Amino acid sequence: MRTGIASALALAELILASSGPTARGEGPTYSKDVAAILQKNCQDCHRPGQVAPFALLSYDQAKKRAADIAHVTGDRYMPPWPASTTFGGPFRDQRVLGDAEVATLRAWADAGCPEGDAKDAPPPRAFAADWPLGTPDLILTMPEPYPLEADGDDEFRVFVLKTDLPEDRWIKAVDFKPGNRKVVHHIIAGIDVSGRARELDAKDPKPGYVALGGFGEGVPLRGFLPIWTPGSRPRHTPEAAGYVLPSKADLLIQMHYHKSGKTESDSTQVGLYLSAKPLPKQVLTGFLFPEIAPEQAAKLADKFRAGMAAGKRPSLEETYHDVLAIPPGEPNYAIKGSSKAGKMMARPISRDILLTSVMPHMHWLGKDFRFEAVLPDEKGTRLPLIQINRWDFNWQGTYAFAEPIRLPKGTYFEMVAHFDNSADNPANPSHPPRLVTWGEQTTDEMCIGIYEFVVADGSSPAASSPIPKAIAPAAKP
Ligand code: HEC
């Protein structure tokens, strides 16, 4: 009897062992191992009609690209996720392969792409409906389709979507339905109540108007909304908080278009989920700008005095024009920012907040970016928020924390970024390199640590002034 059980167990072990890949000296197969990795990490973009140039839905498609797949995943070039996985986060919807998955893709390619038994393959992935959160309360559509040529540089264009609501409303979630996913690379959204965006639109002969880094010159943005990148999922705002949508406001979308090789047309929609009643808390956006060195501060003060005397507050552009000045040929230009009390134009946060997301912003010369919070405890504990080791202007996005991070009153933010203005930087838009200063154009630079938050307790009334006020001299503590 005993021996019977023992031998039955031994037999079972033997059967189990022999069905494992190692026991039979086998490597991974498409059906058993590779298909699931591609479904989870690649198919958001690599399927027909999406931003990636080819599909990875079938065995044949994957086999054809096996060597490239092993290469780009080994390099961590794909899936696109520029943020560090060891500093900051954890982030929602993080798309990063584990070392074992990378090794599986490599071993599979090296072994000549065995398909394995088709009945081991997972069922094909189901993709989310157009509006995964349900039908939005308000759907805004681009006023007319925008035509794109087959080839040429990427385009950055802002479109003005009129809301025409009779009263202020609160937005609980925002979703986007790109009209043509082959060309829409990302979408940034904001709110304008000044009418300035309409003016810029009227001046540009084509639908919408050109704008690179933001929403166009002189647009005093009232608020930022979540942004869209391929594969991103809409999210609700934290409890009792929303984005304010003032009555009659214009919703601006800045589209980043990437040419597909064929003529295309896009008509993107934005879906808004609105709260039935006003909410006590507002989702707010904060900005950390570069630190102004003492020697520049005096010059800047003169500029402000002259500007104010002439009745015109200097713009963000004028303020920062020389603060960021990257000499041609410089491969590692450092910029720092800090909102520590005492720094020019900086102040620590004045109430406990819940930090919901971060979004580093630079242009083409950006190289790396680190963003931290420094807590008001005795040790000045540093809380890593995000680090981007290989900045890629094409893959910038909002990084939403898996759970909002509570930061106590007195916390301040710090950032360090580097820029490469050498001829060796393939992303450098100027040949030969030239002096690059702060500005909105492709050939200018910026460096901003953008973050989204709500106050932790109590309420935060609707903002009554546009965002860039935060950097006006009045904000100095
Ligand atoms: C967020 C969208 C997205 C995801 C997710 C994604 N890709 Fe891509 N992929 C792209 C785009 C866009 C391109 C073409 C432009 C480029 O090379 O950046 C591309 C290009 C590629 C290339 C060609 C690279 C070259 O140098 O020609 C390969 C191979 C590839 N992807 C494999 C993968 C694999 C494997 C995964 C999953 C592990 C993946 N991608 C996930 C968007 C994506």
Among 356, 319, which is in contact with a strand residue (DSSP E or B) (Cβ under 9 Å, 6 or more places away or on another chain) and at pLDDT below 80?
319
In this structure, does residue 436 turn out to be at pLDDT 90 or above and closer than 21 Å to residue 244 by Cβ?
no
With the requirement that a residue be in contact with a Lys or Arg (Cβ under 9 Å, 6 or more places away or on another chain), of a type in the set (Gly, Ala, Ser) and either assigned to a loop (DSSP other than H, G, I, E, B) or under 13 Å from residue 170 (Cα atoms) (or both), what does the stretch 262-294 give you?
275
Within the stretch 174-196, of all residues that are within 16 Å of the ligand (Cβ to nearest atom) and in a loop (DSSP other than H, G, I, E, B), the one nearest to residue 221 (Cα to Cα) is 178
Output yes when any residue across the stretch 154-173 is within 16 Å of the ligand (Cβ to nearest atom), surrounded by fewer than 18 Cβ atoms within 10 Å (Cβ to Cβ) and either outside the structural domain of residue 261 (by TED's automatic domain parsing) or under 22 Å from the mean Cα position of the chain (by Cα) (or both), and no when none is.
yes
Would you point out the residue of the stretch 351-404, among those that are β-branched (Val, Ile, Thr) and in contact with an Asp or Glu (Cβ under 7 Å, 6 or more places away or on another chain), that is nearest to residue 88 (Cα to Cα)?
388
Of everything in the stretch 391-407 that's over 12 Å from the mean Cα position of the chain (by Cα) and loosely packed, with under 15 Cβ neighbours inside 10 Å, which residue is nearest to the ligand (Cβ to nearest atom)?
402
Tell me whether the stretch 345-365 contains one or more residues that are more than 24 Å from the chain's Cα centre (by Cα), loosely packed, with under 15 Cβ neighbours inside 10 Å, in the same structural domain as residue 395 (by TED's automatic domain parsing) and touching a residue at least 24 places away in the same chain (Cβ under 8 Å).
yes
Which residue pairs have Cβ atoms under 7 Å apart, sit 6 or more places apart or on different chains, and have a first residue in the stretch 386-399 that is without any contact (Cβ under 8 Å) to a residue 40 or more places away in the chain and a second that is surrounded by fewer than 17 Cβ atoms within 10 Å (Cβ to Cβ)?
393/427
Can you pull out every residue in the stretch 208-237 that is more than 23 Å from residue 445 (Cα to Cα), surrounded by fewer than 17 Cβ atoms within 10 Å (Cβ to Cβ) and away from the ligand (no atom under 16 Å from the Cβ)?
236
Could you identify the single residue in 313, 305, 382 that is basic (Lys, Arg) and within 28 Å of the chain's Cα centre (by Cα)?
382
Which ones in the stretch 375-400 are closer than 20 Å to residue 285 by Cβ and modelled with pLDDT of 95 or more?
383, 385, 386, 388
Out of the strands (runs of 3 or more DSSP E) lying entirely within the stretch 77-171, which hold 1 or more residues that are within 30 Å of residue 247 (Cα to Cα)?
138-141, 146-148, 155-162
List the residue pairs whose Cβ atoms are under 9 Å apart, where the first residue sits in the stretch 49-60 and is closer than 15 Å to residue 32 by Cα, the second is loosely packed, with under 12 Cβ neighbours inside 10 Å and not hydrophobic (A, V, I, L, M, F, W, C), and the two are 6 or more positions apart or on different chains.
57/48; 57/124
Filter the stretch 140-186 down to the residues that are closer than 17 Å to residue 255 by Cβ and among the β-branched types (Val, Ile, Thr) and list them by number.
141, 158, 160, 174, 183, 184
Residue count for the stretch 222-245, restricted to those that are outside any strand (DSSP E or B), in contact (Cβ under 8 Å) with a residue 60 or more places away in the chain and out of contact with any Ser or Thr (no Cβ under 9 Å at 6 or more places or on another chain)
5
Check 88, 98 and return the single one that is touching a residue at least 40 places away in the same chain (Cβ under 8 Å) and either in the same structural domain as residue 367 (by TED's automatic domain parsing) or out of contact with any helix residue (DSSP H, G or I) (no Cβ under 8 Å at 6 or more places or on another chain) (or both).
88
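Conditions (1) modelled with pLDDT of 95 or more; (2) within 13 Å of the ligand (Cβ to nearest atom), marked per residue:
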| site | (1), (2) |
| --- | --- |
| 47 | no, yes |
| 51 | no, yes |
| 71 | yes, yes |
| 102 | yes, yes |
| 108 | yes, yes |
| 118 | no, no |
| 141 | yes, no |
| 148 | yes, no |
Can we say residue 193 is closer than 23 Å to residue 272 by Cα, surrounded by 15 or more Cβ atoms within 10 Å (Cβ to Cβ) and in contact with a helix residue (DSSP H, G or I) (Cβ under 7 Å, 6 or more places away or on another chain)?
no
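The values are calculated or read from the model by the stated rules, or taken from the named source; none is laboratory data. What you see is a predicted model, and the numbers here were worked out from it, not measured in a lab. As a convention, Cβ positions derive from the backbone with ideal geometry for all residues, glycine included, and neighbour counts pool all protein chains shown.
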